[in-house]
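First up is the structure itself, then whatever we jot down about it.
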Amino acid sequence: MAKEKKNKILVVDDEPDNTSIFSMSLEDGGFEVDAYTDPLLALSMFKSGHKKYDYLVLDIKMPDMNGFELYEEIRKIDNKVKACFLTAFGEGYTEEFGRRFPTSTNVSFMRKPIRVDDLVKKVNKMVNT
Amino acid sequence: MSAEPDRTGTTITQVLYGVENAVKLFSRVVYGANTAIDICDDDIISHAATSHKIIEKRVQEIGAKFRYITEIKNDNIKYCKELMKVGQVRHLDGIRTNFVVTDTEYSSSAIMQQVHAHPETVYSNVRSIVEQQRYLFENLWNKAIPAERKINEIEGGIELEKTYVIQDPQSIQKLFVDMVKSVQHEVLLILPTVNAFLREYRMGIIQLLMQAMRERSVNVRILTPTNDVIDSILKNIVISYQEGERRKDFNLRSINMSPEETAVSTVTIVVVDKKESLVFEKTDDTKENFIEAVGMATYSNSKPTVVSYISIFESLWTQVDLYEQLKTHDKMQKEFINIASHEMKTPTQAIIGYADLIHKHPEKREDMMQSISRNAVRLQRLTNDILDVTRIDSHTLNLHKEQFNIGNLLAYIVQDYVGYIEKENQNVKLFYNFKQDINDPLPIDADEDRITQVVSNLLNNAIKFTSKKKEGVISVSVERKKEEVIVSIKDTGEGINPEILPRLFTKFATRSFSGTGLGLYISKSIVEAHGGKMWAENNPDGEGATFTFTLPLSSSRKTIMFSRKDGR
């Protein structure tokens, strides 16, 4: 049986419960998932280049480095990588999002709390376009 | 030259010469009056001897209406008072005319001073001339002020209250500058436009005000619209003023509302020492020069008028302040809602996520149920705290007060926590320092549940920050100081981060994994609602921190039993 090539997803969220849930959901959805609660650690792993990711799922509000900043840093290494931002905040972040990413082809947005099915659907859609 | 006017019925205008003729003519005219005698006199003293008796007699004879205008001064008050018994008297500053006009005739002396050897007197009974003079008299009469007021001013030494209009721009400017220079206590200033501020700045008004503040400790309040240019001017002024000086009140409030919202948009209002007001219009706000821009001005030192301008200023001042407070409050509300909703979504996400996954992962059911429970409790605590915060902020926190002994309550709570600590294997020791003194009970009137909430919050924090150390000690103590009880909770933990210390009791100051970030804000609010105070400081020995709060002792000391009612 040929091994299916699975899409690789990087999940970063400072709440351990969230990384658990998102990892499990996406794995159930057929993806390969690496999850980190520390954005700085995630960045250094990305830099060391062991893996290439098809998609990023990033929480925005994190201490040390927020999701937007992390994405900017990652883009310096791979500027084609796509990402989905997760936020629990309201309009404030949609504004900043609109400012930072006026052309939103590679990035999209989801508001927490997120249903497992919705997450899988969204990632499927973004990965396959 | 005839000695007397021709009274044969023809209308004439003539000039007569000599003092004698002047006097005769005067009395003839007065005696010729039927209904009205109006006199303007610039030298009442000299004329008193000759004319007053004449006037008095004629007025009494025919009941004529008698009006008299002169410049009332200290030296002529008594003559004025005499005339005031005969008819109406008014005062006009600097009057320089002499005439009498009746219903039919007019007579005037060009100069009626003793020094002039040959005064000329004009007479006329020509209708149009007489009417002209009556018109002139009316105008002077309307400008003049009642004698009583002037006499009061002179005799009472009080300044006469006047309100008048100034048309000449130079005079307005001079008056403005003089008023500002003369201020002793306070200046209120409303400027209607940005250009007005700049004009007055160029004129030197702002500098004069700063000088007044520096030299005479004058209180200055200014209401003005601002823009970037003005903001930078002000910054420089305030900086140079504050350097090394004792700072008296320079209060400037920017009107950030649109002109329609503000009460005043077209005039400048200046009020000095609550005694004088100057209000001037702009005819052309685009002009850079004050003289060119200013229109009419109204000056007043009449109390009711000045007070009305003060009240305009004060209400606008307060309005601007309230507007700013409202904006700040709205901003803080918005921030709170943002953070609160974020905090709530976190455990909600966990509950929803695990609930979604639990079906597909029966092998992990135990762990997931625990996580769901944990997060549900977290969510419950958070919603309770948020509700408490909204109650506190809207002043609807209801306290159910009873009298109880705080020492007993603390003993009970500590006992509970000792049990909890043992169960959780926390390597923390909890001590309670309190010697029950039968003669000195500590009764307080308080909401027992809420005080328990406060103490629990402080103990939870203490445990949280001490559990990371090998052997932590938490000691709870209570003592009486005058009419208060002081409760302290001291720990040997990590201490308070100095950066957070100033904001420690604010909402969401610290967000830890198990805390809500609202505990201290709520605790402090509860204590303050009871009339107490709460504060925190790091321990002087460098190990840990101490949280302290006070509560007022019950003023009515009932006999307090040392066990609680329910036997605990």
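Listing for the model above:
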{"quantity": "Sequence-distant residues sharing a close amide H with B:LYS429 (under 5 Å, placed H)", "calculated": "B:GLY472, B:VAL473, B:ILE474"}
{"quantity": "Sulfur and carbon atoms: percent of accessible area, chain B [1.4 Å]", "calculated": "51 percent"}
{"quantity": "Exposure ranking of A:LYS82, B:LYS143, B:LYS162 by accessible area [1.4 Å probe, largest first]", "calculated": "B:LYS143, B:LYS162, A:LYS82"}
{"quantity": "Between B and A, accessible area buried - total, square angstrom, nearest 100, 1.4 angstrom probe", "calculated": "1900 Å²"}
{"quantity": "Radius of gyration and Dmax over the Cα atoms of chain A, both given in Å", "calculated": "13.8, 49"}
{"quantity": "Relative contact order (percent, whole number), chain B, Cα cutoff 8 Å, 6+ residue spacing", "calculated": "8 percent"}
{"quantity": "Highest average packing first - B:377-386, B:281-290, Cβ atoms within 10 Å", "calculated": "B:377-386, B:281-290"}
{"quantity": "Modelled FRET efficiency - R0 45 Å, A:ARG99 with B:GLU448, Cβ distances, 0.05 increments", "calculated": "0.30"}
{"quantity": "Solution diffusion estimate, µm²/s, Stokes-Einstein, the range B:348-466, Kirkwood Rh from C-alpha pairs, 4 °C, viscosity 1.567 mPa s", "calculated": "73 µm²/s"}
{"quantity": "DSSP-loop GluC sites (Glu not before Pro) across the range B:454-514, with at most 11 other Cβ within 10 angstrom", "calculated": "B:GLU471, B:GLU483, B:GLU499"}
{"quantity": "Average other protein chain Cβ within 10 Å of Cβ, residues B:338-348", "calculated": "4"}
{"quantity": "Cβ-based charge dipole, the protein assembly as shown, positive-most Cα from B:ASN21, B:SER300, B:ILE526", "calculated": "B:ILE526"}
{"quantity": "Karplus-derived 3J(HN,Hα), 6.51/-1.76/1.60, for each residue of the range B:83-93, Hz, glycine and proline x", "calculated": "5, 5, 6, 8, x, 8, 10, 9, 10, 9, 4"}
{"quantity": "Distance between the range A:49-89 and the range B:483-558 - C-alpha centres, whole angstrom", "calculated": "40 Å"}
{"quantity": "Solvent-accessible heavy-atom area per residue, rounded to whole Å², over chain B at 1.4 Å", "calculated": "53 Å²"}
{"quantity": "Principal axis box of the range B:378-430, alpha-carbon based, largest edge first, Å", "calculated": "40, 33, 13"}
{"quantity": "Computed over the protein assembly as shown, Cα set: Rg, Dmax in Å", "calculated": "44.2, 149"}
{"quantity": "Solvent-accessible area, 1.4 Å probe, carbon plus sulfur percent, for the range A:21-93", "calculated": "49 percent"}
{"quantity": "Whole-angstrom gap from the range B:266-320 to the range B:357-383, using each part's C-alpha centre", "calculated": "69 Å"}
{"quantity": "Whether chain B is rounded, prolate or oblate, judged on the alpha carbon gyration tensor where a/c under 1.5 counts as rounded", "calculated": "prolate"}
{"quantity": "Karplus (6.51, -1.76, 1.60) ³J(HN,Hα), θ = phi - 60°, over the range B:539-552, in Hz, Gly and Pro reported as x", "calculated": "5, x, 7, x, 10, x, 9, 10, 9, 10, 9, 10, 9, x"}
{"quantity": "Per principal axis, descending, Cα span of the range A:49-90 in whole Å", "calculated": "32, 19, 16"}
{"quantity": "Relative contact order for the range B:428-483, counting Cα pairs under 8 Å that sit 6 or more residues apart, in percent", "calculated": "70 percent"}
{"quantity": "Partners for B:LYS282 among aspartates and glutamates (Cα-Cα distance below 16 Å; same-chain residues under 8 apart left out)", "calculated": "B:ASP168, B:GLU200, B:GLU292"}
{"quantity": "For B:GLU71, residues with placed amide H under 5 Å, excluding near neighbours", "calculated": "B:LEU92, B:ILE95"}
{"quantity": "Accessible surface of A:VAL33 - all protein chains present, 1.4 Å probe, nearest 10 Å²", "calculated": "20 Å²"}
{"quantity": "The protein assembly as shown: calculated mean residue ellipticity at 222 nm from DSSP helix runs of at least 4, using -39500 (n - 2.57)", "calculated": "-14500 deg cm²/dmol"}
{"quantity": "Candidate lysines - alpha carbon under 28 Å from A:LYS80, same-chain residues fewer than 8 apart omitted", "calculated": "A:LYS3, A:LYS5, A:LYS6, A:LYS8, A:LYS47, A:LYS51, A:LYS52, A:LYS61, A:LYS112, A:LYS121, A:LYS122, A:LYS125"}
{"quantity": "Inter-chain Cβ neighbour average for residues A:109-115, partner chain, 10 Å", "calculated": "4"}
{"quantity": "All lysines inside 19 Å of B:LYS468 as judged from Cα atoms, apart from same-chain residues fewer than 8 positions distant", "calculated": "B:LYS423, B:LYS429, B:LYS490"}
{"quantity": "Per-residue HN-Hα couplings for the range B:29-41 [Karplus 6.51, -1.76, 1.60; θ = phi - 60°; Hz; x = Gly/Pro]", "calculated": "5, 4, 6, x, 6, 10, 10, 9, 10, 10, 10, 10, 9"}
{"quantity": "Computed magnitude of the charge dipole of the range A:9-71 (debye, nearest 20; Cβ of K, R +1, Cβ of D, E -1)", "calculated": "320 debye"}
{"quantity": "Stretch gain in nm, segment B:GLN170-B:THR510, where the contour uses 0.36 nm per residue and the Cα spacing is subtracted", "calculated": "116.1 nm"}
{"quantity": "The range B:332-418: relative contact order in percent, alpha carbon pairs under 8 Å with at least 6 residues between", "calculated": "27 percent"}
{"quantity": "10 Å Cβ neighbours from other chains, averaged over peptide A:17-26", "calculated": "5"}
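The values are calculated or read from the model by the stated rules, or taken from the named source; none is laboratory data. Given the structure is predicted, the values throughout are model-derived calculations rather than measurements. Every residue, glycine among them, receives a Cβ derived from its backbone with ideal geometry; neighbour counts consider all protein chains shown. Ligands, DNA and RNA are stripped out before the accessible areas are found, and what is left, the full protein with its side chains, is counted by its heavy atoms. Shrake-Rupley method; radii C 1.70, N 1.55, O 1.52, S 1.80 Å.
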